[in-house]
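Participant: Just passing along the structure, written as structure tokens.
Since every read-out is calculated from the coordinates, none of them should be taken as a lab result. Being a predicted model, the structure only gives us computed values, none of them experimental. FYI the Cβ positions are ideal-geometry reconstructions off the backbone, even for glycines, and counts take in every protein chain you see.
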Amino acid sequence: MRTAVALLAVIVGTAAPAFAQITRCTAVSDATSRTKIILDDIVSEASLQNLMQTLTSRLNANLEQVRTELGGVQLQVMPCAGRRPTGPSDFNRTTVSELNVRGVLMEIWGATTEVKDQQGRPMNEASIGYVIIPVRLDELQQQPTPGAFVIPHRAQPSTLVDDLIKLVDQAGRLGAYASLAVGSKSLRSSQWDEARKQLCAAEAKFTRLKPTDADAALSKYAKKLAGDAVTGARADTQYTGFLKQEGVALSCS
Amino acid sequence: MFLRRWLVALTLLALPAHAWAIEIAVPCARPSVFSGAAVNVVVLPYSVPPSVRSSSAVGEQLGALVQLETVLSIAKYGSIGVTQLVGDAQDECTPEIVLDKLLGRQGGARETMRPGSGLILIWGRIFESGADLYLQSFVQFLRPGTTETVDVSVRDRMLKGTLSTQAFACAPRKIAIRDLEDIQRQFRSARLLYTQPNSSSRSVEIPDRGESLAFWVTDLRGDWVQLEPMDRGSNRKFERGWLQVRSTDAQWSLRAKMPELYFVEGVAGYLMARVRSNSQAIVDASLQGAESAIARYIEGWGANAVLGNDATTNGTPLAVAVPRQLRGFVALLRARGADAGLAEARTHFERAAALASHSSDARNLVAITQIAQTFRQPADAQPPRRFVDEVRTLLGSDPGNATVLGNLGVIYDLVLTPAPGAPASWQLSPADRGQLSKQRDSLKSLISMARRS
């Protein structure tokens, strides 16, 4: 009996956190903001406080930069304390649809852990998880571009804070993702001019990044959607804007 | 230095005694400006992420020093108000809430902005690690209800340009702990009100907690400002006194560590010139101050930048692109339509566009100066027909941009109207003329909508 209880405790103990980590968050349902980015907990092993604080600080500042510079969009960045996704698979169709309806453009989470490199040497790793809601919605409908993914950044334990800041800074990447998210969402609601503007901006912003595999795929996707904005505008009988003009190219430049 | 003193002297003579005002420790929940001032600067406390709580009050203290440094640098423009806010950045002390209140979009401000005046908001984030302080500042500038634009005349027509943004993040910087201690020491010394502009004279301490305190700035002498208490409902009374904004022993200047304060000085001069455009003397002096301060910012923006000083790759390209655009605006305004101003502005706009290639407004600024130069000095090898295609491509990437659309209408008119003295290569073939006329006609309703907007 005691063994069975212990076993049950182990099962519950491992399963419950995974379930509990994508907990509900009041920021998601906050009706005062129709366009928002959600920042979840940054979780850390006790020995990696330095890396965790650097990551937290940079993500906060990077998101403030996105909010400040994303022209024409009333964007809010809202923290979700206690929300800890375990990975991209948490963002299934039901969850992502709800986030989309609530005006969430992106959700970001992070973790810092001790890992070993291929030679077995200890390394510190800061992983940043992203879900770009409109792209994830498309991905769940069989489109191959990743809408939810984790980007790991590794550093030797002796790395100085200055270098950690360079390692984890996401300003350029978040700017590109935010433009892609706004553009993609505008495309879904047939706001062709705004979609085209943001998607072309996203395409240009991606060219300035050191791209990961996900970034390369997202860059291509932004380019494709920018073309879709022109095609959609041409086919829309209600639309009378510039994209209806003869000679407007599908490509941005 | 001589010029600066001369400008200060000029403004002191030209303006009423109560041309500048400051208020310290104003609660964010009830922010305020000096509605009678032509340009207001509001400094929010530098915040720390909730999970990275710092033990010191360095965020608020840094905000207070930014305020004082700003007073000293922009007092020369006259008619300014500088307010320091205090409160919790996680609550009501966010730039969007404060701005909404100051613009009267939501209630809560004690005094709101007057239409037509200028406002600069400064806020930031800090993070302490070991012996270092990491900070990042953000700046927003505006005139309520007005988008900052510049006009470039071409023959009898006008092309317009706007900035890529009026709010941006500055480069994140590192300040060593010894400089942090200097901030705190400077903060303490900047809370003493002396009877004379001399640190050996009698002094009284201004409390750093509790109610807000407002002062008129009645004189400036070197690093000293004379303050006269203002009756704004405060119970605390002070005599007129002198405050030392920069300590004399410090080889340390806040502006050397935070070059963005030069940008604040520059944009304040630009806004002053716009707001007080009915006085040519004020416009000239303000634009000269703006030009010099923005140039110093562009020269020094990379100081202590943690992510490096390559603006194309360090994640904050707009922190250099927008000041360059503004410097181009100032060059055009100072030149009052002369060709030299156009050439200088084009150089700045091109550098800005290289940094902000995603911005159609950045590329539009380059296009309008190129077009103006082409029409002012017609050359055989540069027929203007190509500008139609260039601006159409630009509009294709930002189809809702009313400024670019309005310019496209002007460009069609310019290209289709024969230019006196233009080279033979500028002549359009009948087919080209027909095609361009057809394009212009098909855009007429869109262009007229853009002109109305």
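Participant: Determine, yes or no, whether A:Ala226 is within 11 Å of chain B (Cβ to nearest Cβ), part of a helix (DSSP H, G or I) and farther than 24 Å from B:Leu318 by Cβ.
Facilitator: no
Participant: Would you be able to say whether some residue in the range A:212-221 is of a type in the set (Val, Ile, Thr) and out of contact with any Asp or Glu (no Cβ under 8 Å at 6 or more places or on another chain)?
Facilitator: Within the range A:212-221, one or more residues are of a type in the set (Val, Ile, Thr) and out of contact with any Asp or Glu (no Cβ under 8 Å at 6 or more places or on another chain).
Participant: Then there's this: For A:Leu187, indicate whether it is under 20 Å from the mean Cα position of the chain (by Cα), aliphatic (A, V, I, L, M) and closer than 15 Å to A:Gly71 by Cα.
Facilitator: no
Participant: With the checklist (1) over 13 Å from the mean Cα position of the chain (by Cα); (2) of a type outside the set (Ser, Thr, Tyr); (3) away from chain B (no Cβ under 14 Å) in hand, flag the one item A:Lys197 doesn't pass.
Facilitator: Answer for A:Lys197: the failing condition is (3).
Participant: Restricting to the range B:328-361, name every residue that is in contact with an Asp or Glu (Cβ under 9 Å, 6 or more places away or on another chain) and without any contact (Cβ under 8 Å) to a residue 12 or more places away in the chain.
Facilitator: B:Ala335, B:His358, listed by residue number.
Participant: Restricting the range B:102-123 to residues that are not hydrophobic (A, V, I, L, M, F, W, C) and not in a loop (DSSP other than H, G, I, E, B), which is surrounded by the most Cβ atoms within 10 Å (Cβ to Cβ)?
Facilitator: Looking at the filtered set, the residue picked out is B:Gly118.
Participant: Let me ask something else about it. Within the range B:432-453, is there a residue that is more than 34 Å from the chain's Cα centre (by Cα), more than 10 Å from chain A (Cβ to nearest Cβ) and crowded, with 16+ Cβ neighbours inside 10 Å?
Facilitator: The answer is yes; a qualifying residue exists.
Participant: If only one of B:Ser286, B:Ser277, B:Ser292 is farther than 18 Å from B:Leu355 by Cβ and either within 14 Å of chain A (Cβ to nearest Cβ) or buried (at least 19 other Cβ atoms within 10 Å of the Cβ) (or both), which one is it?
Facilitator: Answer to the selection: B:Ser286.
Participant: For the range A:113-144, how many residues meet the condition of being at positive phi and crowded, with 16+ Cβ neighbours inside 10 Å?
Facilitator: 0
Participant: Please go through the range B:123-133 and give me each residue that is closer than 20 Å to B:Val86 by Cα and facing chain A (nearest Cβ under 8 Å), ordered by number.
Facilitator: Within the range B:123-133, B:Arg125, B:Phe127 qualify.
Participant: With the requirement that a residue be in contact (Cβ under 8 Å) with a residue 40 or more places away in the chain and more than 18 Å from the chain's Cα centre (by Cα), what does the range B:310-327 give you?
Facilitator: Listed by number, the residues that qualify are B:Ala311, B:Thr312, B:Asn314.
Participant: Also, I was wondering about something else. In the range B:299-328, how many are farther than 15 Å from B:Met258 by Cβ, touching a helix residue (DSSP H, G or I) at 6+ places or on another chain (Cβ under 7 Å) and assigned to a helix (DSSP H, G or I)?
Facilitator: 8
Participant: Any residue at all in the range B:379-399 that is touching a Phe, Trp or Tyr at 6+ places or on another chain (Cβ under 6 Å) and within 14 Å of chain A (Cβ to nearest Cβ)?
Facilitator: Checked against the condition, which is being touching a Phe, Trp or Tyr at 6+ places or on another chain (Cβ under 6 Å) and within 14 Å of chain A (Cβ to nearest Cβ), the range B:379-399 yields at least one hit.
Participant: Among the residues of the range A:205-223, what is the count of those that are surrounded by fewer than 19 Cβ atoms within 10 Å (Cβ to Cβ) and within 8 Å of chain B (Cβ to nearest Cβ)?
Facilitator: So the count comes out to 2.
Participant: Moving on. Of all residues in the range A:39-79 being of a type outside the set (Asp, Glu), under 21 Å from A:Pro152 (Cβ atoms) and not in a helix (DSSP H, G or I), which is farthest from the chain's Cα centre (by Cα)?
Facilitator: In this case the residue turns out to be A:Ser44.
Participant: Restricting attention to the range B:354-374, report how many residues are touching a Leu at 6+ places or on another chain (Cβ under 7 Å) and either surrounded by 21 or more Cβ atoms within 10 Å (Cβ to Cβ) or acidic (Asp, Glu) (or both).
Facilitator: 10
Participant: List the helices (runs of 4 or more DSSP H) inside the range A:80-178, counting only whole elements, that have at least 3 residues being within 14 Å of chain B (Cβ to nearest Cβ), out of contact with any Leu (no Cβ under 6 Å at 6 or more places or on another chain) and under 19 Å from A:Thr56 (Cβ atoms).
Facilitator: A:161-168
Participant: Take the conditions among the acidic types (Asp, Glu), within 13 Å of another protein chain (Cβ to nearest Cβ) and closer than 21 Å to B:Ser357 by Cβ and apply them to A:Glu246. Does it pass?
Facilitator: no
Participant: Would you check which residues across the range B:73-94 are touching a strand residue (DSSP E or B) at 6+ places or on another chain (Cβ under 9 Å), buried (at least 20 other Cβ atoms within 10 Å of the Cβ) and not aliphatic (A, V, I, L, M) and list them?
Facilitator: B:Lys76, B:Tyr77, B:Gly78, B:Ser79, B:Gly81, B:Thr83, B:Gln84, B:Gly87, B:Cys93, B:Thr94
Participant: Could you check, for the range B:417-429, whether at least one of its residues is without any contact (Cβ under 8 Å) to a residue 40 or more places away in the chain and assigned to a helix (DSSP H, G or I)?
Facilitator: So far as the range B:417-429 goes, no, none of its residues is without any contact (Cβ under 8 Å) to a residue 40 or more places away in the chain and assigned to a helix (DSSP H, G or I).
Participant: Still on this model: Quick check on my filter: what residues within the range A:103-162 are among the hydroxyl-bearing types (Ser, Thr, Tyr) and under 30 Å from A:Gln74 (Cα atoms)?
Facilitator: Correct list: A:Ser127, A:Tyr130, A:Thr145.
Participant: Hey, can you tell me all the residues within the range B:364-399 that are of a type outside the set (D, E, K, R), outside any loop (DSSP other than H, G, I, E, B) and more than 23 Å from B:Thr149 (Cα to Cα)?
Facilitator: none
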